[in-house]
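Enquirer: Take this structure, written in structure tokens, and hold onto it; I'll ask about it next.
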Amino acid sequence: MISIIVGTNRRDSEALTFARIYQDEIERQSGEKPGLVTLEHIPGNLWHPDMYDSDKQAPEIKQIQDELMIPAEKMVFVVPEDTTEVSRCINYSWMQYPLKGIKNF
């Protein structure tokens, strides 16, 4: 499974537009529709001190992790440039998990 993560919480962002085009292209070439995680749908209650404790996470986050992040064999991050770094939304949300083979293009 491939998951595409849109690294901004801005509504109707260019990153989301690109991610949807990329999602369609991956499906066209592989026959498998990648999962799409857009941070604009992440609830505001994500940001709290217990967010790293799986028993105290927001149920929406747990569902995204269980369905789209943990089972993913590959992840594509579509992020707007933020001072030439990964956006803070991605950093705070997902980068606490060990990921293998991360490439920055």
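The values are calculated or read from the model by the stated rules, or taken from the named source; none is laboratory data. From a predicted model like this one, the values you see are computed outputs, not experimental measurements. Note: ideal-geometry Cβ built from the backbone for every residue, glycine included; neighbour counts use all protein chains shown. These area figures cover heavy atoms from the full protein model, side chains too; ligands, DNA and RNA do not enter into them. Shrake-Rupley method; radii C 1.70, N 1.55, O 1.52, S 1.80 Å.
Enquirer: Within segment 25-51, how many residues are part of a helix (DSSP H, G or I) and open to solvent by 90 Å² or more (accessible area, probe 1.4 Å)?
Expert: Residues flagged as part of a helix (DSSP H, G or I) and open to solvent by 90 Å² or more (accessible area, probe 1.4 Å) within segment 25-51 amount to 3.
Enquirer: Against the definition (open to solvent by 30 Å² or more (accessible area, probe 1.4 Å) and in a helix (DSSP H, G or I)), how does R20 come out, yes or no?
Expert: It is true that R20 is open to solvent by 30 Å² or more (accessible area, probe 1.4 Å) and in a helix (DSSP H, G or I).
Enquirer: Could I ask something else about it? Could we say that E81 is out of contact with any Pro (no Cβ under 6 Å at 6 or more places or on another chain), open to solvent by 70 Å² or more (accessible area, probe 1.4 Å), at pLDDT 85 or above and of a type outside the set (S, T, N, Q) here?
Expert: no
Enquirer: I need every pair where a residue in segment 59-78 that is assigned to a helix (DSSP H, G or I) has its Cβ under 8 Å from the Cβ of a residue that is open to solvent by 90 Å² or more (accessible area, probe 1.4 Å) and of a type outside the set (D, E, K, R), sequence separation at least 6 or different chains.
Expert: Cβ pairs passing all conditions: E60/H41.
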